[in-house]
Each structure stands twice: as structure tokens, then as C-alpha cells.
Amino acid sequence: QIISYSIFGITEFGARFSSAFFATAATIATYLFAGRVINNKTGLLSALILCTSPMVVGLGRLALVDMTFCALLSSAMYLMYLRLAGAKRAVGALAYCFLGLAVLTKGPLGLILAVVPMTVFFLLTSKTLLDLTNKVRSLD
């Protein structure tokens with residue numbers, strides 16, 4: 001918001017711009033992720049569902065950090081999934097950057113909301129302890 005204030009001034013638009021920007025970023029990230037993992041039609045449908053959800057519409061219009069947190073955390077999770085699927089190490093590093101920014105935005109909640117679903121995912125998709133260990137190691 002400080003960057004937004006410095007560009008647009010201390011106005012309502014300046015206060016709300018960052019939320020709208022990050023709501024748009026979350027929508028684009030959802031489109032890119034679903035489009036890459038499944039197909040472009042699914043990516044477009046996923047993005048449309050997200051951007052028409054009442055909570056996203058509401059939070060995208062308010063001067064709160066919730067949409068910033070949502071965009072950073074969802075982008076981190078998408079990138080971690082891609083890293084697990086075999087993407088380069090730079091993708092994992094970018095995921096950790098986004099996760100760190102999410103933690104800076106909302107505190108340890110960012111770490112909790114990343115670790116718990118990833119742990120459940122690892123436990124449900126791993127057949128052996130070695131498989132589980134390999135998946136955890138692949139996240140560097």
C-alpha cells in the first residue's frame with residue numbers, strides 16, 4: 001500500500017489499488033496453474049470461478065492485506081506443486097520467496113496454511129516412507 005500511496009497519493013484509490021492488484025494476480029496465477037496442470041479451458045474456468053467469488057470480489061475492493069496474502073500463498077502453493085512435478089529448482093526458490101512474503105504479510109498463518117495442506121498431500125500420495133522422504137527432499 002505504501003507503493004500505491006506514493007504513486008496515486010493518499011486517496012481511496014491509492015488505498016484499495018493493492019488489493020485489486022493482488023486479486024487480479026491471484027486470478028492470473030490460478031489461470032496459469034490450472035492451464036498448465038490440466039488444460040487451458042480448465043484454467044479459464046478456474047480463474048472465472050475465482051474472480052466471481054463473493055469473498056474475492058469483496059476483499060479485492062477493500063484496503064486490507066487479505067488479497068495480498070491470498071495471492072502470495074496460492075502462488076507459493078502452485079509453484080511448490082510444479083516443483084514436485086519436476087520443475088526446475090528456480091521454481092522452488094520462487095515458491096519459497098512467495099511463501100516468505102506471505103509470512104511477512106500475515107505472520108505464521110502463512111506457514112501454517114502452507115505446511116498443513118502439503119503434509120496431508122504428502123501423506124495421501126506417498127506409498128512408502130522412502131517415497132515420502134523423496135517428495136519432501138524434492139522441495140529443497
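The values are calculated or read from the model by the stated rules, or taken from the named source; none is laboratory data. Since this is a predicted model, take the numbers as computed values, not measurements. Counting neighbours? That spans all protein chains shown, and the Cβs are built from the backbone with ideal geometry, glycine included. Each accessible area value is taken on the protein alone, full model and side chains, heavy atoms only, with ligands, DNA and RNA left out. Shrake-Rupley method; radii C 1.70, N 1.55, O 1.52, S 1.80 Å.
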> In a solvent-free Debye calculation with one equal scatterer on each Cα, what is log10 I(q)/I(0) for region 14-99 at q = 0.10 Å⁻¹, listed in the order of the q values?
Replying inline: -0.25
>> What are the ³J(HN,Hα) couplings of region 19-25, residue after residue, when phi is run through the Karplus curve with 6.51, -1.76, 1.60 and θ = phi - 60°? Round to Hz, x for glycine and proline.
In response: 5, 5, 4, 6, 5, 5, 4
> At what distance in nm do the modelled label points of residue 89 and residue 28 sit from each other, each positioned 7 Å from its Cα along Cα→Cβ?
Replying inline: 2.8
> At 222 nm, what helix-only mean residue ellipticity would the chain give, in deg cm²/dmol to the nearest 500, using -39500 (n - 2.57) for each DSSP H run of four or more?
Replying inline: -26500 deg cm²/dmol
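When the accessible area of the chain is split by element with a 1.4 Å probe, what percent falls to carbon and sulfur?
Values: 6370 of 8730 Å².
Roughly 73 percent of what the probe reaches on the chain is carbon or sulfur.
If you average 1/r over all unlike Cα pairs in region 52-140 and invert the result, what Kirkwood radius do you get in angstrom?
Working: mean 1/r = 0.0715 Å⁻¹.
After inverting the pairwise mean of 1/r, the radius is 14.0 Å.
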> What is the spin-label model distance, in nm, from residue 8 to residue 96 if the labels are put 7 Å beyond Cα along the C-beta direction?
Replying inline: 3.4
>> For the chain, what does the accessible surface come to per residue with a 1.4 Å probe? Please give it in Å².
In response: 62
> Hey, which aspartates and glutamates would be in cross-link range of residue 88, C-alpha to C-alpha under 20 Å, not counting anything within fewer than 8 residues on its own chain?
Replying inline: 131, 140
> Amide H to amide H, which residues 5 or more places from residue 53 or on other chains are under 5 Å from it, using H placed in the peptide plane?
Replying inline: none
> When the chain is modelled as a GNM with alpha-carbon springs shorter than 10 Å, which of 65, 56, 116 fluctuates the most?
Replying inline: 116
> What FRET efficiency comes out for the pair residue 111/residue 62, r = Cβ-Cβ distance, R0 = 35 Å, nearest 0.05?
Replying inline: 0.90
